[in-house]
Amino acid sequence: MVCLGNICRSPIAEGVLQSKVNSDLVYVDSAGTAAYHVGNAPDKRSIDIAFKYNINLKNQKARKFSVIDFENFDTIYAMDESNYQDILKLAKTNAHTAKVKLILNEVNPHSNQSVPDPYYGGSQGFEKVYVMLEKACSIIAEKLQNDR
Ligand code: 4NP
């Protein structure tokens, strides 16, 4: 799960998907394309909205997306078009490129919609983001279940 800062959107996506899969079988992580917040906990507004739905984000720590992630993960979900392009710039092979997806295309295939960046807005934006990611992660978890 990849966004810009790894403190607002992708920590929610990580927490929500993690809550829907068997952790013995599926490894979920998140990262940011920018390094501004490396080492920081998620934004309090993300922690609060997730807590409202019984998901704990407090143990997460921001890290920067790395080219090694193309090897370590089967699928890389970008939150928005800008993250998507930044990740693709780091891809070295067609296999890497094929792993990168816009997360909301799981909900509305080929629509290329972005999860809006809630950082500069109020808590309503975080609620909206949460609902979008909950929907996307339900679909992803179901697909992972069917893949087994
Ligand atoms: P995120 O949100 O990419 O969902 O973690 C942001 C967090 C921080 C900044 C921008 C977006 N920032 O500019 O510091």
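A few remarks follow.
- The count of lysine pairs in the chain with alpha-carbon distances below 19 Å, taking only pairs 8 or more places apart or on different chains, stands at 21.
- Relative to the current alpha-carbon distance between residue 34 and residue 68, full extension at 0.36 nm per residue lengthens the span by 10.7 nm.
- Stretchable slack from residue 53 to residue 92, in nm (0.36 nm times residue separation minus alpha-carbon distance): 10.2 nm
- Report note on the peptides 33-44, 69-80: ranked by the mean count of other C-beta atoms within 10 Å, highest first, their order is 69-80, 33-44.
- Potential lengthening between residue 146 and residue 24 on full extension [0.36 nm per residue; Cα-Cα distance subtracted]: 42.3 nm
- For the peptides 118-126, 100-108, 137-145, the ranking by mean Cβ contacts within 10 Å, running from highest to lowest, is 100-108, 137-145, 118-126.
- Calculated [222 nm] ellipticity per residue, helices only, for the chain: -13000 deg cm²/dmol; basis is -39500 (n - 2.57) per DSSP H run with n ≥ 4, divided by all residues, nearest 500.
- Unit charges at the beta carbon, dipole of segment 41-135: most positive-side option, 95, 119, 56: 56
Values in this text are rule-based calculations from the coordinates and carry no lab data. Note that the structure is a prediction, hence the values are computed from the model and not measured. As a convention, Cβ positions derive from the backbone with ideal geometry for all residues, glycine included, and neighbour counts pool all protein chains shown.
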